[in-house]
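Worksheet for the structure shown next.
The values are calculated or read from the model by the stated rules, or taken from the named source; none is laboratory data. Since we're looking at a predicted model, the values are computed, not measured. Ideal geometry is used to build each Cβ from the backbone, glycine not excepted, and the neighbour counts take in all protein chains shown. SASA here: full protein model, heavy atoms, side chains in, ligands and nucleic acids out. Shrake-Rupley method; radii C 1.70, N 1.55, O 1.52, S 1.80 Å.
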2 protein chains.
Amino acid sequence: MTDQTPQTRLELAKEASRATARLTSDDKARALEAIAVALEQNAAAIIAANGRDIERGRSDGIGESLIDRLRLDEKRVAALAAAVRQVAALPDPVGRVVGGHRMPNGVALEQVRVPFGVVGAIYEARPNVTVDIAALALRSGNSVVLRGGSAARESNTVLVEIMRGALQAAGVTPEAVQTVDDFGRDGATALMHGRGFIDVLVPRGSAGLIETVVTEATVPVIETGAGNVHIVLDESAPDDWAQDIVVNAKVQRPSVCNAVETVLVLRQAAPRLVPLVASALQSEGVAIHGDDVVAGLVSNVIPATEDDWATEYLSLDIAIKVVDTLDDALDHIRRYSTGHTESIITTDSRNAERFLAEVDSAVVMVNTSTRFTDGGEFGFGAEVGISTQKLHARGPMGLSELTSTKWLARGAGQTRG
Amino acid sequence: MTDQTPQTRLELAKEASRATARLTSDDKARALEAIAVALEQNAAAIIAANGRDIERGRSDGIGESLIDRLRLDEKRVAALAAAVRQVAALPDPVGRVVGGHRMPNGVALEQVRVPFGVVGAIYEARPNVTVDIAALALRSGNSVVLRGGSAARESNTVLVEIMRGALQAAGVTPEAVQTVDDFGRDGATALMHGRGFIDVLVPRGSAGLIETVVTEATVPVIETGAGNVHIVLDESAPDDWAQDIVVNAKVQRPSVCNAVETVLVLRQAAPRLVPLVASALQSEGVAIHGDDVVAGLVSNVIPATEDDWATEYLSLDIAIKVVDTLDDALDHIRRYSTGHTESIITTDSRNAERFLAEVDSAVVMVNTSTRFTDGGEFGFGAEVGISTQKLHARGPMGLSELTSTKWLARGAGQTRG
């Protein structure tokens with residue numbers, strides 16, 4: 001492929017998208033099964049390539065948590081194949097009729113789901129994203145152009161080769177899966193500026209990566225991910241719900257975007273709830289960054305600064321702030337939230353309904369854990385990402401968010417009067 | 001307002017959007033009625049300001065067709081008010097429940113329509129767009145920031161003042177309607193880069209304007225408009241349908257995006273259909289730009305060049321090309337279409353279904369006029385624009401395309417296991 005340019009790859013993907021758009025649901029399921037089998041059969045080659053990435057990462061001095069995200073072992077390769085089979089089993093969104101009616105003049109209008117065409121993805125270290133995104137794109141009838149992180153370069157190269165080989169064997173054009181990893185920065189630039197070739201671009205990774213893509217891209221982008229998530233403890237919050245939900249939202253998996261980062265406690269409830277929630281968190285190893293009131297109620301509090309309110313820790317750290325009123329809590333959220341998920345713990349239905357109405361986030365909750373903001377938990381069966389923008393998709397995205405629609409009009413000679 | 005910056009206006013609009021989002025359907029209808037009445041009562045002031053724009057336009061030497069698009073007379077002001085009342089009567093999309101279910105653990109999920117927040121609009125000469133877009137944005141619970149063409153500056157200033165005054169009188173914050181016209185180029189730049197303030201930006205105008213906005217904006221954009229529209233005359237196309245539909249699609253209103261620009265005729269049908277269709281067009285004053293085959297069948301044909309296939313004439317000009325096969329027609333469309341609307345005239349159901357499946361445009365038609373691609377004709381009751389992108393909205397946009405959704409989750413203490 002060495003004589004190709006990034007643009008060649010985009011053109012090949014566009015051309016291939018005409019073929020993938022016409023595949024039946026069964027065709028696509030068969031192609032994905034072929035990919036799953038090929039991943040299993042080539043596990044040794046994947047793990048070997050991944051070993052070279054890990055070796056290079058170690059000599060470049062990247063941290064152990066990144067090394068862990070980068071690692072593919074036998075179990076993880078098996079999980080990758082299983083994830084592909086799970087996507088293959090999802091209902092095909094393509095062809096679903098989502099609207100329509102007969103015009104007064106008799107023209108029959110029908111709005112149907114169609115693939116986007118070419119899905120682009122720019123992402124960071126984890127090589128499993130290479131397979132996940134390709135599987136989701138193919139299931140929804142799209143071709144895909146991938147740009148992974150340089151840390152996983154050898155792993156990604158092998159994964160793409162395996163997927164292309166499997167497609168070929170299954171009678172689907174291998175050009176439906178493209179990578180631009182071998183062009184370095186030029187590959188990413190081509191993706192971001194591929195007007196007419198990239199129908200939608202999904203960045204997945206750090207806030208910095210997403211910001212770069214959103215700012216630089218001239219193709220349509222779906223912004224995903226960053227979650228500075230809040231839980232408000234209302235005056236009426238029951239002890240057990242407050243404690244259980246905050247601990248669950250912080251501790252169950254701290255490194256993900258739906259984990260809570262800041263707890264806002266109404267002043268009247270602070271003496272009751274702050275010690276209770278804080279000690280439950282501390283017994284799980286959570287470091288508490290608190291304001292003066294919190295520091296007066298709990299020991300071992302790290303004084304919170306302005307930065308804490310804006311920080312997505314993604315770790316066993318949490319910020320706690322005491323606010324005078326629900327209005328103050330709503331103001332704080334308006335200022336610092338990334339629009340991902342917020343929850344209030346309350347038994348006061350006025351406050352619950354006000355929170356649901358006024359918080360402008362993708363998911364707004366009452367009395368439940370923010371960890372439920374997840375495609376799997378929402379019943380979509382797959383994790384395309386969580387959109388924090390308002391255009392096209394908001395919140396957890398299912399397969400149908402990787403499709404567009406078109407209108408079909410069937411007439412019998414009608415003209416406009 | 002002279003001490004404000006463009007950024008101030010964006011901030012005021014964002015702040016106002018919190019209030020407009022909470023207006024009831026009745027509140028919004030009353031506010032729009034107040035705007036309609038104010039437009040009628042201030043018709044003289046509007047026409048006077050418009051007169052100054054026209055005078056300046058004449059002395060700047062702009063053409064008569066532009067002057068006509070710029071002009072507001074009594075009849076057009078009355079039509080503006082009527083259009084506002086029509087929007088006020090549309091069903092309110094906000095609050096509509098579009099999805100939801102109960103999670104296995106009992107959490108109740110509900111996906112509801114919510115306003116975007118702040119809608120930005122960048123558009124050209126026609127001052128009626130100022131009122132149209134503001135009315136549509138307000139009806140769907142949004143605030144709006146407007147950037148009109150400099151040719152209509154005085155008209156737009158007065159229209160915005162009238163709308164703000166009417167909102168104030170109706171008890172709605174006037175900050176819900178903002179203009180950045182008085183900042184010239186800086187106003188447009190602020191709109192395009194207003195991340196965190198502009199939730200969606202809709203450019204309306206020439207292909208050049210749209211291209212600039214799409215390329216430069218870092219906020220989400222809905223691309224509208226450009227229509228290099230094709231009609232294919234299949235071998236089986238009946239004489240009357242071919243003639244009536246092509247003439248209607250070209251002549252009924254040549255200056256709009258859904259007018260046909262190129263007709264592709266299958267070679268076997270060319271001797272039958274080209275003379276018939278061409279003479280019907282010529283008798284309506286249409287100039288025909290044709291290839292050699294067309295020139296051999298019809299007199300007064302302007303030789304078509306590569307440019308003709310790519311041109312959106314928006315005038316009484318049409319390009320006609322003879323192609324060997326349906327595949328060639330599909331290739332031509334793939335190459336030159338802007339993805340707006342294409343139609344095939346055929347009684348061969350195989351060709352009809354293939355055309356519907358393979359043409360990648362917002363609206364794909366069989367045996368009917370491309371002039372039907374229109375929000376009003378589609379029964380949406382309003383004209384937000386016609387999206388030619390695939391993200392969020394495709395084809396004619398109704399009010400609900402000016403909304404997003406959010407998920408509401410109501411629980412009773414559930415945590416994730």
Might you let me know whether region B:13-21 holds any residue that is more than 23 Å from the chain's Cα centre (by Cα) and farther than 24 Å from B:G398 by Cα? yes
Just wondering, is there one or more residues in region B:326-349 that are assigned to a strand (DSSP E or B), in contact (Cβ under 8 Å) with a residue 12 or more places away in the chain, of a type in the set (A, V, I, L, M) and within 10 Å of chain A (Cβ to nearest Cβ)? yes
Within region A:307-321, the residues that are surrounded by 18 or more Cβ atoms within 10 Å (Cβ to Cβ) and touching a Gly at 6+ places or on another chain (Cβ under 8 Å) are A:E312, A:A319, A:I320, A:K321
Unique match (being β-branched (V, I, T), farther than 22 Å from A:Q252 by Cα and assigned by TED's automatic domain parsing to the domain that holds A:S236) among A:V286, A:V301, A:V322: A:V322
Residue check: is B:P254 more than 18 Å from B:T373 (Cα to Cα) and either away from every other protein chain (no Cβ under 14 Å) or touching a residue at least 24 places away in the same chain (Cβ under 8 Å) (or both)? no
Of the residues in region B:359-417, those that are more than 7 Å from chain A (Cβ to nearest Cβ), part of a helix (DSSP H, G or I), of a type outside the set (A, V, I, L, M) and out of contact with any Asp or Glu (no Cβ under 9 Å at 6 or more places or on another chain) come to B:S400, B:E401
Is there a residue in region B:402-411 that is surrounded by 19 or more Cβ atoms within 10 Å (Cβ to Cβ), aromatic (F, W, Y) and in contact with a strand residue (DSSP E or B) (Cβ under 7 Å, 6 or more places away or on another chain)? yes
For B:E261, are the conditions met, namely being acidic (D, E), in contact with a helix residue (DSSP H, G or I) (Cβ under 7 Å, 6 or more places away or on another chain) and more than 14 Å from chain A (Cβ to nearest Cβ)? no
Select from region B:215-236 the residues that are within 11 Å of another protein chain (Cβ to nearest Cβ) and in contact with a helix residue (DSSP H, G or I) (Cβ under 6 Å, 6 or more places away or on another chain) and write down the one among them that is farthest from B:Y313 (Cα to Cα). B:T218
Go through region A:8-50 and give me each residue that's among the hydroxyl-bearing types (S, T, Y) and open to solvent by 50 Å² or more (accessible area, probe 1.4 Å). A:T24
Can you tell which of B:T215, B:T179 is within 22 Å of the chain's Cα centre (by Cα), open to solvent by less than 40 Å² (accessible area, probe 1.4 Å) and among the polar types (S, T, N, Q)? B:T179
Scan region B:160-212 for residues that are β-branched (V, I, T), under 14 Å from B:G149 (Cβ atoms) and at pLDDT below 95 and jot them down. B:I210, B:T212
Subset of region B:251-306, residues over 22 Å from B:S361 (Cα atoms), assigned to a helix (DSSP H, G or I), out of contact with any Lys or Arg (no Cβ under 8 Å at 6 or more places or on another chain) and open to solvent by 40 Å² or more (accessible area, probe 1.4 Å), comes to B:R267, B:Q268, B:P271, B:R272, B:P275, B:L276, B:S279, B:Q282, B:D292, B:A295, B:G296, B:L297
By residue number, the members of region B:222-243 that are in contact with a Gly (Cβ under 9 Å, 6 or more places away or on another chain) and without any contact (Cβ under 8 Å) to a residue 60 or more places away in the chain are B:D240
Could you name every one of the helices (runs of 4 or more DSSP H) located completely within region B:62-139 that has at least 2 residues being open to solvent by less than 40 Å² (accessible area, probe 1.4 Å) and touching a residue at least 60 places away in the same chain (Cβ under 8 Å)? B:74-88, B:128-139
State whether one or more residues within region B:32-51 are over 24 Å from the mean Cα position of the chain (by Cα) and either aromatic (F, W, Y) or outside any helix (DSSP H, G or I) (or both). yes
